[in-house]
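Before any comments, here is the structure.
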2 protein chains.
Amino acid sequence: MLTPTQLSQLIEQEITQLDLKGKPDNLYQPMRYIVSLGGKRTRPQLVVLGCELFTDNVQPALPAAMAVECFHNFTLLHDDIMDIAPLRRGNPTVHEKWNTNIAILSGDALFVKAIQLLMQVPNTTLIQCLTVFNATALHVCEGQQLDMNFETQATVSIPQYINMIRLKTAVLLGASLKIGAYIGGAVEEDAEALYKFGEYLGIAFQLQDDILDVYGNPETFGKQVGGDILANKKTYLLLKSLQVAHKYQLEVLQQWTQTIDYNPTEKIKAITEIYDYLNVRKLAEAEMEMYYTKALQCLATIPVSQERKHSLQQLAAQLMLRTQ
Amino acid sequence: MLTPTQLSQLIEQEITQLDLKGKPDNLYQPMRYIVSLGGKRTRPQLVVLGCELFTDNVQPALPAAMAVECFHNFTLLHDDIMDIAPLRRGNPTVHEKWNTNIAILSGDALFVKAIQLLMQVPNTTLIQCLTVFNATALHVCEGQQLDMNFETQATVSIPQYINMIRLKTAVLLGASLKIGAYIGGAVEEDAEALYKFGEYLGIAFQLQDDILDVYGNPETFGKQVGGDILANKKTYLLLKSLQVAHKYQLEVLQQWTQTIDYNPTEKIKAITEIYDYLNVRKLAEAEMEMYYTKALQCLATIPVSQERKHSLQQLAAQLMLRTQ
């Protein structure tokens, strides 16, 4: 079994060896650029760990691990255009460094590269892997569109929100694990249980993200604390507050979200005070814990030794305890 | 064997039955919209005819025919954003009717749909079909990037131009035929000959497009005659003119392409006069004929009866004789 450090090194080594060369240069260079910006590489790690749950031979899972990482980076390229994001992991986004057309097109090409990499899985698992990959790719598009729709939608229910983060974020974690499981020789039932593990974990992970945006340590949190508040983003905390607030807090929330000219620090402070008063952090943490527990229950149903499950449990715990 | 009318009806029927339903609506509706705008449906027809060259049973080729049509429409969605095109087949483009973000995302989703459809080919041909499809998808991205690069590139050689139209347009015709051939049971050698037939035909087709832009009948030509001239597009006619022009014509060409404030009719007239003087229409037609002949030579090498080849020859001739 790989240690976390060995796993991390294995993935980084594969990324270094990734063949993203081609002509014209301004199509392929942005692909190499976005992939080289780093990140936690959670998805490719999940492919390898999904495989390692069933076999010690994880080599056949490496191209698929690179496939999901390329796919993830393709979604980042296009999402950053849609969000007009100037920075990605502290560096200029592709549409800023080059231009929007190049970001669209190198994103498209990176998606094709992802499928080409996925086709390197063992032939016996090709149809299974491609099937879950395609369904997931469509879900991710649906989730991104829902996320954009929510920006202008008057009301969003908590179940609608959970469904959106499930599609936008969680299913790709599930798919990464399931693809790894197929390559490792898992039967459908176990591969599906692992998918659900990833999906629930992904929802918990995203709820954690919502909490960290408000309550994260400014010194270790990668993004601006309160960024979601300033952007009026309909996070779990805001939606829950709107649900449980009384008339007075509702008015304050609405006032702040409708005011265009404000002092950012004051807005963050005022809305955080309402969150504190309504105790939505606790409610969000309870929801997060619920999905985390569900995830672990799915993992528990898979009939392999506890020893084999250790790495996945460790990674899951780490994702939940993260501060960035 | 299908008559041209039967083939056309078969394709339209499949398009009507195409499952592009899903939620959210503003992700899936643009996908249905772009596909419903029509067009000649050349690519799906080529898939079916590629199959029919080797077998009478073309049913298994229909999902793949839809796959290439969806892929083609995905490229139109993204190309129209990059070209800031207001109209597509006389109707508002998706980024105009909805917005750019929706056009990016529904394009991405349409690409995924294309792969899902392609996965419905008979299992024995899946890897072959996906391999040629992915390689082609990457080439189409490369071709589009080269086309954009040429807009600002000081000089473009004729071989560079031919390579660009090969990648942007021709390879997808080749791939459509090759995928059909695989499904029809062709051996690699014949499938590859058919690919080359499509590739050469595609180059001839695009050269024809360049000629029609200047010399097309305004009453039957779908686009504005002289549109490429007004846009300073580096077509075969312009590049050839720049190559063969003497000092005086070079100066006139450069003057017109550098002037921002001009009378459109005058510009078209002046540049067309230079084309006429330099006889580049004839040179372009000769180049087109050369590729058309090469295409037919590739088709000739395939060891099936003349009767079986008739439909493809007919379609090829029709593409060359088109006025729109």
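Checking the conditions here, which among B:S311, B:S241 is at pLDDT 95 or above, of a type outside the set (K, R) and under 21 Å from B:G39 (Cβ atoms)?
B:S311
Considering only residues that are in a loop (DSSP other than H, G, I, E, B), without any contact (Cβ under 8 Å) to a residue 60 or more places away in the chain and under 16 Å from B:F111 (Cα atoms), which ones fall in region B:5-21?
Those that are in a loop (DSSP other than H, G, I, E, B), without any contact (Cβ under 8 Å) to a residue 60 or more places away in the chain and under 16 Å from B:F111 (Cα atoms): B:L18, B:D19, B:K21.
Within region B:101-115, how many residues are free of Cβ contacts under 8 Å to residues at least 12 places away in the same chain, within 18 Å of A:L126 (Cα to Cα) and either surrounded by fewer than 22 Cβ atoms within 10 Å (Cβ to Cβ) or small (G, A, S) (or both)?
Total satisfying the criteria: 0.
On the given criteria, is B:A191 over 21 Å from B:L76 (Cβ atoms), within 18 Å of the chain's Cα centre (by Cα) and small (G, A, S)?
The answer is no for B:A191.
Evaluate the following for B:E151: is it surrounded by fewer than 23 Cβ atoms within 10 Å (Cβ to Cβ), at pLDDT below 95 and of a type outside the set (A, V, I, L, M, F, W, C)? Walk me through it before giving the result.
Working: surrounded by fewer than 23 Cβ atoms within 10 Å (Cβ to Cβ): yes; at pLDDT below 95: yes; of a type outside the set (A, V, I, L, M, F, W, C): yes.
Against the criterion (surrounded by fewer than 23 Cβ atoms within 10 Å (Cβ to Cβ), at pLDDT below 95 and of a type outside the set (A, V, I, L, M, F, W, C)), B:E151 qualifies.
Would you be able to tell me the number of residues in region B:280-313 that are of a type outside the set (S, T, Y), in a helix (DSSP H, G or I) and farther than 30 Å from B:Q243 by Cβ?
Selection size over region B:280-313: 9.
Please list, ordered by residue number, the helices (runs of 4 or more DSSP H) wholly in region B:28-144 having 3 or more residues that are facing another protein chain (nearest Cβ under 10 Å) and small (G, A, S). It would help to see each step written out before you state the result.
Details: elements: B:42-52, B:62-82, B:94-97, B:100-118.
The helices (runs of 4 or more DSSP H) meeting that bar are B:100-118.
Return yes when B:E192 is under 19 Å from B:V140 (Cα atoms) and of a type outside the set (K, R) and no when it is not.
Answer is yes for this residue.
Please verify whether B:L105 is in contact with a Cys (Cβ under 7 Å, 6 or more places away or on another chain) and within 27 Å of A:W98 (Cα to Cα), treating the condition exactly as stated.
Considered against the rule, which asks whether it is in contact with a Cys (Cβ under 7 Å, 6 or more places away or on another chain) and within 27 Å of A:W98 (Cα to Cα), B:L105 comes out as yes.
Among the residues of region A:145-157 satisfying the criterion of being of a type outside the set (A, V, I, L, M, F, W, C) and assigned to a helix (DSSP H, G or I), which is farthest from A:L173 (Cα to Cα)? Walk me through it before giving the result.
Start the filter on region A:145-157 by keeping residues that are of a type outside the set (A, V, I, L, M, F, W, C), which leaves A:145, A:147, A:149, A:151-153, A:155, A:157.
Next, only the ones that are assigned to a helix (DSSP H, G or I) stay: A:145, A:147, A:149, A:151-152.
Working: A:Q145: 19, A:D147: 18, A:N149: 23, A:E151: 24, A:T152: 28 Å.
So the residue we want is A:T152.
Which residue is nearest to B:S106 (Cα to Cα), if the candidates are limited to region A:82-100 and must be aliphatic (A, V, I, L, M) and in contact (Cβ under 8 Å) with a residue 24 or more places away in the chain?
Per the criteria, the residue is A:M82.
Pick from region A:12-41 the residues that are of a type in the set (S, T, Y) and out of contact with any helix residue (DSSP H, G or I) (no Cβ under 7 Å at 6 or more places or on another chain): which of them is surrounded by the fewest Cβ atoms within 10 Å (Cβ to Cβ)?
Only one residue tops the list, namely A:T16.
The values are calculated or read from the model by the stated rules, or taken from the named source; none is laboratory data. None of these values were measured; they are calculated from a predicted model. Heads up, the Cβs are rebuilt from the backbone with ideal geometry, glycines too, and the neighbour counts pull from every protein chain shown.
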